[in-house]
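The values are calculated or read from the model by the stated rules, or taken from the named source; none is laboratory data. What you are looking at is a predicted structure, and each value in this text was computed from that prediction instead of being measured. Here the Cβ positions follow ideal geometry from the backbone for every residue, glycine too, while neighbour counts run over all protein chains shown. Areas reflect the complete protein model, heavy atoms only, side chains present, ligands, DNA and RNA absent. Shrake-Rupley method; radii C 1.70, N 1.55, O 1.52, S 1.80 Å.
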Amino acid sequence: MNESKASREVAVNTGRTGGSTEYHFAPHVTWVEVGGTVTWRLESGTHTATAYHPDNDQPRLVPEGTDAWNSGTMSEEGETFEHTFETEGVYHYLCTPHEQFGMIATVIVGDPNLEDQRALQTMPENKPEEVHGKLEELNTMVREMMGKGHHEEETHTEEGVHTDDGHGHEEETHTEA
């Protein structure tokens, strides 16, 4: 399921297991075609889907010349927010209240040249280590997904390889460095 589509849905939720709480967007990386729409659907918790854009008081981790988008606070289960992406590129976004917990994700639009993507080239200043780590993880996932679209299927054993089972469920493999 690693190809662009006209529309995709992203689940926004708070997962609680045992004594821990996880905040996440699923899938972490969503790929749509130019003119494609992403719909965020709140499953649980109170969250936002907010572009890393100066108009949202964030560093720019979206293509130059694109408008800011922000769902505002979503707090009712089933509530949705959608955004149509007209500009090819890589867009990082966050949940404003949970960014420091790694609630950050990415939308790939079209078939961008990864070397020209500000989201992949810039690590924002004044952000905690957890945010930098999550952005690096997302950048690796984007490169993996885009690479699979242009080459023979490869098996990778590097740190942070992610696969999608085609049903919107991602599997993450991490190895300690």
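Hey, with R₀ at 30 Å, roughly what FRET efficiency would Gln121 and Thr80 work out to, going by the Cβ-Cβ distance, to 0.05?
Taking R0 as 30 Å, the efficiency between Gln121 and Thr80 is 0.45.
For region 1-159, what class follows from the C-alpha gyration tensor (a ≥ b ≥ c being the square roots of its eigenvalues): rounded when a/c is under 1.5, otherwise prolate if a/b is larger than b/c, else oblate? Don't skip to the answer; put the middle values down first.
Numbers: a/c = 1.33, a/b = 1.26, b/c = 1.06.
It is rounded, given that a/c, with a ≥ b ≥ c, falls under 1.5.
Counting only heavy atoms of the protein chains, get the accessible area per residue of region 1-130 (1.4 Å probe) and round it to a whole Å² value. Can you show the working numbers first?
On the way: 6190 Å² over 130 residues.
Averaged over the residues of region 1-130, the accessible area is 48 Å².
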Give me a comma-separated list of calculated 3J(HN,Hα) values for region 63-71, in order, Karplus coefficients 6.51, -1.76, 1.60 applied at θ = phi - 60°, integers in Hz, x for any Gly or Pro. x, 4, x, 9, 7, 6, 9, 7, 5
Among GluC sites (Glu not before Pro) in region 52-115, those in a DSSP loop whose Cβ has at most 12 other Cβ atoms within 10 Å are Glu64, Glu76, Glu77, Glu86
